[in-house]
Amino acid sequence: MSRFFKCLLFIWLDTNQQLYITFHAKNVYHNDIKVKLFLELYITMIYIFTIMANELKNEKKTLAVSMLAEGNSIRSIERMTGVHRDTIMRLGVRMGEGCRKIQDEKMRGLNSAHIEVDEIWGFIGAKRKNADKTGNYGDVWTFIAIDADTKVIPSFVVGKRDAYHANAFIADLAARIQKRIQVSSDSLAAYTDAAERGFGAEVDYGQISKTYSVVNLNKDAASRYSPAEVVSTEKTVVSGMPDISRICTSHVEKQNHTLRMHCRRLTRLTNAFSKKIENLIAAVSLNFAYYNFCKSHLAIRCTPAVAAGIEPSQWSVAELVERCGE
């Protein structure tokens, strides 16, 4: 109730100042009973439509965040919860920013041994061929690192698939690990220089190159969108002395699939996409925080954060919402 009166007083003072200028110019003063009634009605309506309408209960916030993290679209959440899509969008952005800060703080001094890195494609506003015409960001890539043993995701970067973002990604990963590790990646050329810049000589780094058969020449949908068959693989030692048998990207590629299923903006064959890169970063941050701290992994029977020794227990979504300041 005290918050109600504070908000009411703030709006009244602001409105009083604005209306004084307006009505004084027309020789109408606040002593007029009509002006007083108008002020009271105006203040009440402003409070109802701008303050009360934007205050979601914690249960609604938790439900909306859970749905976002489980791959529901914003409009489907709007239909199921009755919360306006703009409110859901703003909540998602705030949660994403909070999750990014939480993970930046928690993912420090990790004892990982085997890290796999990869990148997953998406787009902002329009795909590459139309991005220049429409003035949009175009193709965007999310660089992902995953611990093959604990399944935790210690680092990610959203940006272009170039040397700049690869360097930023590997440098961020290196800052979070406290001992020598083995890193596996695909054959993206930017990773070689990035690994040397980020880790120096203190890394065992290997690449795996996969050759796929051409199976998508048919026009029917079933074969056109089926994954290509891997016909051969080649493992290369780039630096250090990596265990050849552990040079692998299977875990991070499976994580790419999990991300596409849980982040609607990255799901294939839908009309869901981001119009701003800030919104995509927020959505990815929320998804990874949910994955690391809230979702129990079937392979390890606990959350990745618990398996990595970062947290003693699994978080609920309500706890995640609270820790993000909502």
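All of the numbers you see were taken from the coordinates with simple rules; none came from a lab. Because the structure is a prediction, the values reported are computed rather than measured. We place every Cβ from the backbone using ideal geometry, glycine too, and count neighbours over all the protein chains shown.
Structure above, values below:
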{"quantity": "Computed label-point distance, nm, for sites residue 89 and residue 105 using a 7 Å Cα→Cβ extension", "calculated": "2.9"}
{"quantity": "Footprinting exposure proxy for 157, 152, 83, 231 (fewest neighbouring C-beta atoms within 10 Å first)", "calculated": "231, 83, 157, 152"}
{"quantity": "Residue order, fewest to most surrounding Cβ atoms within 10 angstrom, among 86, 149", "calculated": "86, 149"}
{"quantity": "FRET efficiency, residue 131 to residue 250 (Cβ-Cβ, R0 41 Å, nearest 0.05)", "calculated": "0.80"}
{"quantity": "Spherically averaged projected area of the stretch 90-323 from its Cα convex hull (nm²)", "calculated": "13.8"}
{"quantity": "Unsatisfied cross-links (Cα-Cα over 31 Å) in the set 106/275; 133/295; 60/275; 106/235; 235/275", "calculated": "133/295; 106/235; 235/275"}
{"quantity": "Antiparallel %, DSSP beta bridges [both residues in the stretch 90-323], to 5", "calculated": "70"}
{"quantity": "Tensor-based shape of the stretch 252-324 (alpha-carbon gyration tensor, a/c under 1.5 rounded, otherwise prolate or oblate)", "calculated": "oblate"}
{"quantity": "Projected label distance in nm at residue 257 and residue 59, using a 7 Å step from Cα toward the beta-carbon", "calculated": "3.7"}
